[in-house]
1. Checking the structure you have, find out if any residue of the range 115-130 is in contact (Cβ under 8 Å) with a residue 60 or more places away in the chain and within 28 Å of residue 45 (Cα to Cα).
2. Kindly indicate which of 166, 208, 177, 186 is farther than 20 Å from residue 33 by Cα, modelled with pLDDT of 95 or more and surrounded by 24 or more Cβ atoms within 10 Å (Cβ to Cβ).
3. Can you find even one residue in the range 289-302 that is surrounded by fewer than 14 Cβ atoms within 10 Å (Cβ to Cβ) and either touching a strand residue (DSSP E or B) at 6+ places or on another chain (Cβ under 9 Å) or on the phi > 0 side of the Ramachandran plot (or both)?
4. Restricting to the range 252-304, what's the tally of residues that are farther than 19 Å from residue 362 by Cβ, part of a loop (DSSP other than H, G, I, E, B) and over 18 Å from the mean Cα position of the chain (by Cα)?
5. Restricting the search to the range 50-69, which residues are more than 22 Å from residue 38 (Cβ to Cβ) and either modelled with pLDDT under 95 or in a strand (DSSP E or B) (or both)?
6. Give the number of residues within the range 312-352 that are in contact (Cβ under 8 Å) with a residue 60 or more places away in the chain and closer than 21 Å to residue 158 by Cα.
7. Looking for whichever is in the same structural domain as residue 77 (by TED's automatic domain parsing), free of Cβ contacts under 8 Å to residues at least 60 places away in the same chain and surrounded by 15 or more Cβ atoms within 10 Å (Cβ to Cβ) here; the options are 53, 23. Which one fits?
8. Could you grab me the full set of residues in the range 326-349 that are more than 24 Å from the chain's Cα centre (by Cα) and either in a loop (DSSP other than H, G, I, E, B) or crowded, with 16+ Cβ neighbours inside 10 Å (or both)?
């Protein structure tokens with residue numbers, strides 16, 4: 001097992017009606033800025049629940065945070081925070097709202113000239129405004145980690161940062177808030193959580209049998225409940241289990257002491273930045289291609305995944321690996337999630353540019369750091 005430090009200070013408040021507990025988590029003297037997205041929280045009743053729970057608080061609002069939160073928008077919220085002396089941020093929405101709010105929290109306190117340096121130059125985050133969240137979409141796990149991914153429209157970049165200071169102090173997870181989600185967002189959430197697990201599991205073995213079993217249990221559960229969630233959108237238990245899977249997929253626990261990949265995400269971020277496809281759509285296209293390209297390095301874990309998660313045991317090693325990849329693609333297709341870049345009219349004309357951008361931002365990718373520019377081009381071609 002690799003050395004690790006596990007630090008997760010987020011308090012999770014899970015279940016029906018838990019938004020009413022907000023006032024127990026935020027001191028009444030705080031100046032609160034509620035951040036949200038396109039307004040769905042007003043149509044599904046979440047906005048009213050939050051307002052009721054925080055009746056009597058000094059509460060300001062900032063809406064319009066995009067599905068891929070934009071630096072340009074978030075800096076407007078930073079100005080509001082400074083103007084109003086905000087000392088607590090409450091993110092109400094999905095992972096994008098949470099990610100954007102984390103950046104706002106870090107940018108307000110940033111002492112450098114340009115907060116974009118947090119993302120582009122890895123400038124350290126030394127403090128941040130405290131954050132809480134009310135989650136309305138099960139997908140990213142952002143409700144229980146310190147990670148955030150931010151886009152910049154002017155440069156077509158999508159970059160990530162992480163900080164111990166941007167963990168939410170608490171996150172309220174009421175599965176009822178996800179029932180009204182559009183089908184596309186629910187599908188995206190299932191795929192996003194699934195790939196999060198795979199980025200930490202389909203790597204190589206470092207003698208972590210418990211973490212492997214934990215990862216496998218999340219994958220098995222996602223595959224088991226996915227169609228229940230989609231076929232019965234108001235099935236509370238299915239929604240609750242999806243929400244808990246998504247949180248467990250990226251709260252740090254299954255990643256403790258294991259080898260991580262994240263090349264699928266890094267390549268996917270560039271695709272989203274340049275072409276505007278959904279984050280999960282990019283992942284569903286790229287991950288099978290990464291697995292095929294890296295099957296010699298990932299072979300042991302792909303066979304273990306085939307055996308334990310997919311129930312595949314017959315055939316040569318090569319045949320089992322190919323079956324594992326094909327069955328994963330079949331699962332995505334069963335959700336009506338395309339797995340080819342050509343399905344989004346993406347051609348190969350910008351693959352060299354994408355490879356240059358992703359390696360320029362991140363250096364060599366993968367758990368063995370062997371994926372350079374040419375390998376990224378090869379992977380993208382496999383994903384066509």
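The values are calculated or read from the model by the stated rules, or taken from the named source; none is laboratory data. Keep in mind that what you see is a predicted model, and the values were worked out from it rather than measured. Heads up, the Cβs are rebuilt from the backbone with ideal geometry, glycines too, and the neighbour counts pull from every protein chain shown.
1. No, the range 115-130 contains no residue that is in contact (Cβ under 8 Å) with a residue 60 or more places away in the chain and within 28 Å of residue 45 (Cα to Cα).
2. Details: 166 fails: farther than 20 Å from residue 33 by Cα; 208 fails: surrounded by 24 or more Cβ atoms within 10 Å (Cβ to Cβ); 186 fails: surrounded by 24 or more Cβ atoms within 10 Å (Cβ to Cβ).
Matching residue, one of 166, 208, 177, 186: 177.
3. At the first step, the residues of the range 289-302 found to be surrounded by fewer than 14 Cβ atoms within 10 Å (Cβ to Cβ) are 296.
If we keep only those that are either touching a strand residue (DSSP E or B) at 6+ places or on another chain (Cβ under 9 Å) or on the phi > 0 side of the Ramachandran plot (or both) too, we end up with none.
The answer is no; no qualifying residue exists.
4. Total satisfying the criteria: 2.
5. Taking the range 50-69 and keeping what is more than 22 Å from residue 38 (Cβ to Cβ), we get 55-58.
Correct list: 58 only.
6. The total comes to 4.
7. On the way: 23 fails: surrounded by 15 or more Cβ atoms within 10 Å (Cβ to Cβ).
Testing whether each residue is in the same structural domain as residue 77 (by TED's automatic domain parsing), free of Cβ contacts under 8 Å to residues at least 60 places away in the same chain and surrounded by 15 or more Cβ atoms within 10 Å (Cβ to Cβ) leaves just 53.
8. Hits for the range 326-349 are 345, 347.
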